[in-house]
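**Student:** Below you will find the structure I want to go over with you.
The values are calculated or read from the model by the stated rules, or taken from the named source; none is laboratory data. On a predicted model such as this, the values are computed, not experimentally measured, just so you know. Here the Cβ is made from the backbone with ideal geometry for all residues, glycine too, and neighbour counts use every protein chain on show. Note: areas computed on protein heavy atoms with side chains; ligands, DNA, RNA excluded. Shrake-Rupley method; radii C 1.70, N 1.55, O 1.52, S 1.80 Å.
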Amino acid sequence: MINVQTLTLGPMYNNTYIITDEVTGDVAVVDPSFRLRALLESVDSMKYKVKLILLTHRHFDHLLGAAALKELTGAKIAIHALDKDGLTDPEISRAAFQGRLSADVQTPVSADIHLTDGDLLYLGKTEIEVLHTPGHTEGSVCFMIGNALFSGDTLFAGDIGRTDLPTGDMDDMRRSLRNIAARPGIGAVYPGHGEATTLAAELANNPYLNGEC
Ligand SMILES: [Zn+2]
Ligand SMILES: [Zn+2]
């Protein structure tokens, strides 16, 4: 069993998820980004328990906190191989195009684990399955933990991620959404932005999943 804590931080309302394996107390952090201090305060009491930093994709608003969190905790950073260069190149992460949020805000750090579809990671005894879901970026992934799906910028409550940024592709996105919809056992969906939802609710109401568009 896992416990999921949600922190919604920064100007783009990014959801950072703190996932705890309730048996071992081991912790994974999904998409550490803005306002690292608030995140670090949240994990301070368990900083030696943070084992994994799980990144859904290459964009700066999902990984700006990864370098400092790794330094503090020694956790391993995992990202899909196709998106890993976002960790070291602020043009690929798009941090370089954010004006005030200039490139030097991003501390380069290398990935420890290059993910590919179907990979299994372990947090204590909890299995984490990697679903490669290109569309928003070529290396976007969702993480399946128990019956919860951490969907990054692939799937939101009532919407999907944009596909007009570099390496985005609407055909890939449609395929990825079909794969998610066809997968048995998904209950809660925890997106990169906005409210948590369920796959059942999205199959009923999300126009990209219920056949309306
Ligand atoms: Zn994104
Ligand atoms: Zn985002």
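**Student:** Output the residue which, of all residues in the stretch 27-51 that are among the aliphatic types (A, V, I, L, M) and either within 26 Å of Asp117 (Cα to Cα) or in contact (Cβ under 8 Å) with a residue 40 or more places away in the chain (or both), is nearest to ligand 1 (Cβ to nearest atom).
**Tutor:** Going through the qualifying residues, I end up with Val30.
**Student:** The conditions are (1) open to solvent by less than 30 Å² (accessible area, probe 1.4 Å); (2) modelled with pLDDT under 90; (3) within 16 Å of ligand 2 (Cβ to nearest atom), and Arg35 fails exactly one of them. Which is it?
**Tutor:** Arg35 satisfies all of (1) open to solvent by less than 30 Å² (accessible area, probe 1.4 Å); (2) modelled with pLDDT under 90; (3) within 16 Å of ligand 2 (Cβ to nearest atom) except (1).
**Student:** So, one more: For residues in the stretch 148-165 being assigned to a loop (DSSP other than H, G, I, E, B) and touching a residue at least 60 places away in the same chain (Cβ under 8 Å), which is nearest to ligand 2 (Cβ to nearest atom)?
**Tutor:** Filtering the stretch 148-165 for residues that are assigned to a loop (DSSP other than H, G, I, E, B) and touching a residue at least 60 places away in the same chain (Cβ under 8 Å), the one nearest to ligand 2 (Cβ to nearest atom) comes out as Asp153.
**Student:** Moving on. Just checking, does the stretch 89-109 include any residue being under 20 Å from Ile19 (Cα atoms) and open to solvent by 40 Å² or more (accessible area, probe 1.4 Å)? Before you say what the answer is, go through the steps one by one.
**Tutor:** From the stretch 89-109, those under 20 Å from Ile19 (Cα atoms) are none; that's our starting set.
Checking the stretch 89-109: not a single residue is under 20 Å from Ile19 (Cα atoms) and open to solvent by 40 Å² or more (accessible area, probe 1.4 Å).
**Student:** While we're looking at this one, here's another question. Take the residues in the stretch 4-13 that are over 13 Å from Gly194 (Cβ atoms) and touching a residue at least 40 places away in the same chain (Cβ under 8 Å); name whichever of them is least open to solvent (accessible area, probe 1.4 Å).
**Tutor:** Here the residue is Gly10.
**Student:** Still on this structure, I have one more. Hey, can you tell me all the residues within the stretch 14-32 that are open to solvent by 10 Å² or more (accessible area, probe 1.4 Å) and either within 17 Å of Leu149 (Cβ to Cβ) or in contact with a Gly (Cβ under 7 Å, 6 or more places away or on another chain) (or both)?
**Tutor:** Val23, Thr24, Asp26, listed by residue number.
**Student:** Restricting attention to the stretch 52-91, which residues are away from ligand 1 (no atom under 13 Å from the Cβ), assigned to a loop (DSSP other than H, G, I, E, B) and either modelled with pLDDT of 95 or more or over 18 Å from Ser42 (Cα atoms) (or both)?
**Tutor:** Ala75, Thr88, Asp89, Pro90, Glu91
**Student:** Could you please give the count of residues in the stretch 168-209 that are open to solvent by less than 50 Å² (accessible area, probe 1.4 Å), outside any strand (DSSP E or B) and either of a type outside the set (D, E, K, R) or within 14 Å of ligand 2 (Cβ to nearest atom) (or both)?
**Tutor:** Here the count works out to 15.
**Student:** Name the residues in the stretch 10-28 that are under 14 Å from the mean Cα position of the chain (by Cα) and within 16 Å of ligand 2 (Cβ to nearest atom), would you?
**Tutor:** Tyr13, Asn14, Asn15, Thr16, Tyr17
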